[in-house]
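Peer 1: Right, I'll just put the structure down here and ask away after.
The values are calculated or read from the model by the stated rules, or taken from the named source; none is laboratory data. None of the values given here were measured: they were computed from a predicted structure. All Cβ positions, even for glycine, are placed from backbone atoms using ideal geometry, and neighbour counts span all protein chains on display. Side chains included, ligands, DNA and RNA excluded: accessible areas come from the protein's heavy atoms. Shrake-Rupley method; radii C 1.70, N 1.55, O 1.52, S 1.80 Å.
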Amino acid sequence: MSRGRNLRRLLRGLRFRLTAGYFIFFVVLLGGIAALFQGRLTSILDQQAQDLVNQQWAAMKGGYLRIEDNPQTGKPEAFWYYDADDPDESRTVLTIQRVYFVADSNGNVIHDGKTGEEQVSSDYEDIGVDPPAQIRRDVRAAMAAVPPKTLIGWRTRRNKAGVHYLIRSGIVFSEQRHRPCYVAIGIPLTPYESISRQFALIYAGVIPAALILGLLLGWFMAGRALEPVLEVAKAAQRISGSNLSLRIPTRQADDELDYLILTFNRMIERLEASFQQMKQFSADVSHELRTPITAIRGQLEVALFTAKTTEHYRDAIVDALQDIDRLSQIVRALLLLSQAESGQLALQKTRVDLSEVVRDLVEQFQIPAEAERVHLLAEVPAECAADVDRVQIERMITNLLSNAVKFTPEGGHVRVRLRALAGAAEIVVQDTGSGIAKEYLPHIFDRFYRVPGRGTAPGPDQGLGLGLSFVAWIVKAHDGTIEVDSTPGKGTRFTIRLPVGTEKQPGAEMAAQPAMNV
Ligand code: ADP
């Protein structure tokens, strides 16, 4: 069972598939080359064999063989003319006479005019003498052509021993009466076939050896190429939730694998940051919840052990209720924020007059601002329509305004300005308050973040550090942008730009982004 699984894994593995790819490629390549060479060699050898027979034919017709009509019988007879003492001439004639056959136009073999021998060699008899009927047909067809053909054709024949012969047949005319006679000469193809066979044997030996070598080389090279991938996988396996600080070392090869490692490391970095944020968040949440709970417990215990009058109990209960209010405020805010960030809180966009929204909110804030002796001003155009979620936009402006009023000292100014830009609305909330030092600015949109050194002890006026997280989410959900400019001791300016005409489907889900920062 496990062997079967191992085999299946091996077959599916990249190494096996790469090697199989190489192998198939080599088989096709080498097989193709061999077939091409073999085909070309065969045609060259065929041509050479034909050339040789043609040369013999030309020599024979050029004078070695003459067919003369016997004056007595009237039958054609063959005469071979050559100098028997000349080794070249006698070799040529003997070569021609090895495979030859001469017949009259009726297919009857003719005889030598001097020796009376039948003009057919034993080799020719072995491959089979042409039937007279066939010869008659061939001679008639050749003579019927205009002008008459002297070449009847080429063919290959095999003797009983399996030796192939190339045969050329044609017409030779008798000297006196110009009667057509049938002549066939040929050569054994053994030397040509043996060359061809030798090459085939070489291929048969070399190609499988080359294939096996290629296979081994492919297996080895694929293994080498994949080794770093396995190392990356091993290194990745060592990384777990508890040691996210580990990184896979790059190989300094600046190749695709290094790019993969780099991308992987960056992903781990982001994961680590998210893990860190989550840890921080749960620590913050428990801290935020524990503080009021401890306070409630303390107040109730003190009341239980020391309170003497109803008045004392009453005071303790009022204090406890205030802390419970704060607790439920935190829980509500957290619930809302997590719904927003997980995409469960859908925007309900409608056409809203932002001028009216800003005017109303500024009006509502006049009383708390006056209580703090802060001048609150609004600069709004007569109308500024936008497709937004009214409730969320009100929440956003309320958060910014309450911060501005809270962090601006007596006699300071808070100014809200609304402007209609091309395709967007710009809301600026500016104050002359305490400002935020540069090093804290990147964190102010984080959940539970409060700028240190401003009396972070819990109390009824103490913020939760969640207001700006909401602002950031609302801006993002509306595809807007938020910028903050702040000078400590001089004031802070938040600038928000929201696209106005992009009405989405009511109830469209927001992208679930763990946006702790903007
Ligand atoms: P909180 O509910 O505590 O106000 P926020 O998320 O709204 O939390 O703000 C985060 C921190 O940013 C605040 O604790 C405060 O220190 C700082 N902050 C926000 N707005 C202003 C402002 N207008 N002027 C100065 N500091 C500000």
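Peer 1: On the basis of being basic (Lys, Arg), open to solvent by 50 Å² or more (accessible area, probe 1.4 Å) and touching a Phe, Trp or Tyr at 6+ places or on another chain (Cβ under 7 Å), does Arg179 make the cut?
Peer 2: Against the criterion (basic (Lys, Arg), open to solvent by 50 Å² or more (accessible area, probe 1.4 Å) and touching a Phe, Trp or Tyr at 6+ places or on another chain (Cβ under 7 Å)), Arg179 qualifies.
Peer 1: Then there's this: Six or more apart or on different chains, Cβ atoms under 8 Å: show the pairs whose first residue is in the stretch 278-295 and closer than 18 Å to Gly463 by Cα and whose second is of a type in the set (Lys, Arg).
Peer 2: Within 8 Å, the pairs are Phe281/Arg447; Asp284/Arg447; Pro292/Arg326.
Peer 1: If a residue has to be open to solvent by less than 30 Å² (accessible area, probe 1.4 Å), over 43 Å from the mean Cα position of the chain (by Cα) and more than 9 Å from the ligand (Cβ to nearest atom) to count, how many in the stretch 475-501 make the cut?
Peer 2: 1
Peer 1: When you scan the stretch 255-266, do you find a residue that is assigned to a helix (DSSP H, G or I), of a type in the set (A, V, I, L, M, F, W, C) and within 30 Å of Arg40 (Cβ to Cβ), even just one?
Peer 2: Within the stretch 255-266, none of the residues are assigned to a helix (DSSP H, G or I), of a type in the set (A, V, I, L, M, F, W, C) and within 30 Å of Arg40 (Cβ to Cβ).
Peer 1: Now for a separate question. Looking at (1) open to solvent by 40 Å² or more (accessible area, probe 1.4 Å); (2) out of contact with any helix residue (DSSP H, G or I) (no Cβ under 7 Å at 6 or more places or on another chain); (3) modelled with pLDDT under 90, which one does Phe220 not meet, given that it meets all the others?
Peer 2: Going through (1) open to solvent by 40 Å² or more (accessible area, probe 1.4 Å); (2) out of contact with any helix residue (DSSP H, G or I) (no Cβ under 7 Å at 6 or more places or on another chain); (3) modelled with pLDDT under 90 one by one, Phe220 breaks only (3).
Peer 1: Looking at Asp123, is it in a loop (DSSP other than H, G, I, E, B), touching a residue at least 40 places away in the same chain (Cβ under 8 Å), in the same structural domain as Ile167 (by TED's automatic domain parsing) and within 24 Å of Gly162 (Cα to Cα)?
Peer 2: Criteria not met by Asp123.
Peer 1: Among the residues of the stretch 126-164, what is the count of those that are assigned to a loop (DSSP other than H, G, I, E, B), small (Gly, Ala, Ser) and open to solvent by 70 Å² or more (accessible area, probe 1.4 Å)?
Peer 2: Number satisfying all stated conditions: 1.
Yes or no, residue by residue, for (1) buried (at least 18 other Cβ atoms within 10 Å of the Cβ); (2) more than 18 Å from Trp473 (Cβ to Cβ); (3) within 7 Å of the ligand (Cβ to nearest atom):
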site: Asp389; (1), (2), (3): yes, no, no
site: Ile393; (1), (2), (3): yes, no, no
site: Thr398; (1), (2), (3): no, no, no
site: Val405; (1), (2), (3): yes, yes, no
site: Glu410; (1), (2), (3): no, yes, no
site: Leu418; (1), (2), (3): yes, yes, no
site: Ala422; (1), (2), (3): no, yes, no
site: Thr432; (1), (2), (3): yes, yes, no
site: Tyr449; (1), (2), (3): yes, no, yes
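Peer 1: Can you find a residue in the stretch 340-359 that is modelled with pLDDT under 85, part of a helix (DSSP H, G or I) and buried (at least 17 other Cβ atoms within 10 Å of the Cβ)?
Peer 2: Scanning the stretch 340-359, I find at least one residue that is modelled with pLDDT under 85, part of a helix (DSSP H, G or I) and buried (at least 17 other Cβ atoms within 10 Å of the Cβ), so the answer is yes.
Peer 1: So Val414 clears everything in (1) over 15 Å from Phe470 (Cβ atoms); (2) within 12 Å of the ligand (Cβ to nearest atom); (3) surrounded by fewer than 19 Cβ atoms within 10 Å (Cβ to Cβ); (4) without any contact (Cβ under 8 Å) to a residue 60 or more places away in the chain except one condition, right? Which one?
Peer 2: Of (1) over 15 Å from Phe470 (Cβ atoms); (2) within 12 Å of the ligand (Cβ to nearest atom); (3) surrounded by fewer than 19 Cβ atoms within 10 Å (Cβ to Cβ); (4) without any contact (Cβ under 8 Å) to a residue 60 or more places away in the chain, only one is false for Val414: (3).
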